[in-house]
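Okay, structure first, notes after.
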């Protein structure tokens, strides 16, 4: 089992560029989510999905888009990168119940210059 | 609103005990706890369910006060391997989303 796979691991963008962070899981989990981690801020929820075709906003959704066309994939799109989006991004997945753990990808370190 | 954790950081000598607190403004179905080593992804520690059931780590314990919407993680006889950042993850209703607290940095020294 690969678990949750995130690509790329590192990325440098110029201000205004767009890109997609990929996230795939092979555990047939209904729930998938994206977080950004900044020093002193913990893990903040960007967007999440409870199944294919269903997405919703988290705490910090501005500047990001998501889609969920399949159960396995949940890409995060940066529409026009800004220096404030420099962060470490984590994708996570879990079953859609309150009593099961979340599994995280290895993270993407994004720098916007 | 992001759950609040306290303390923000703590330094322990090996063998000492620590308590990490997590407080949510929303009603909780369960509370997750995760530990993150530097440069790595968060890793699951345990889940606390309403009614007192606990699933997860054998050596680390926790409590869950449903009425106060709070949880505490108890680290006893700490080991060097306990160093890392701890996150609580209250699982709340109204959308089934998993949010995480602000994190507590724990460092265990010899």
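Among the conditions (1) away from chain A (no Cβ under 12 Å); (2) closer than 16 Å to residue B:99 by Cα; (3) not in a strand (DSSP E or B), the only one that residue B:78 does not satisfy is (2).
Scanning segment B:1-30 for residues that are facing chain A (nearest Cβ under 9 Å), buried (at least 17 other Cβ atoms within 10 Å of the Cβ) and closer than 15 Å to residue B:73 by Cα gives B:3, B:5, B:30. Per the conditions (1) farther than 14 Å from residue A:104 by Cα; (2) at pLDDT below 95; (3) crowded, with 20+ Cβ neighbours inside 10 Å, the sole criterion not satisfied by residue A:38 is (3).
Does segment A:73-90 include one or more residues that are at the interface with another protein chain (Cβ under 10 Å from one of its Cβ atoms) and at pLDDT 95 or above?
Narrowing segment A:73-90 to residues at the interface with another protein chain (Cβ under 10 Å from one of its Cβ atoms): A:88, A:90.
In the following step, the residues that additionally are at pLDDT 95 or above were identified as A:88, A:90.
Yes - at least one qualifying residue is present in segment A:73-90.
Considering segment A:56-72, and only residues there that are surrounded by fewer than 18 Cβ atoms within 10 Å (Cβ to Cβ) and within 11 Å of chain B (Cβ to nearest Cβ), the residue that is nearest to residue B:28 (Cα to Cα) turns out to be A:59.
Just one of the listed residues (B:50, B:68) is surrounded by 14 or more Cβ atoms within 10 Å (Cβ to Cβ) and at pLDDT below 95, namely B:50.
Among strands (runs of 3 or more DSSP E) entirely within segment B:31-71, having at least 1 residues that are within 11 Å of another protein chain (Cβ to nearest Cβ) singles out B:43-49, B:54-56.
The values are calculated or read from the model by the stated rules, or taken from the named source; none is laboratory data. Just so we're clear, the structure is a prediction, and the values are computed from it rather than from any experiment. Cβ atoms come from the backbone with ideal geometry, glycine included; neighbour counts cover every protein chain shown.
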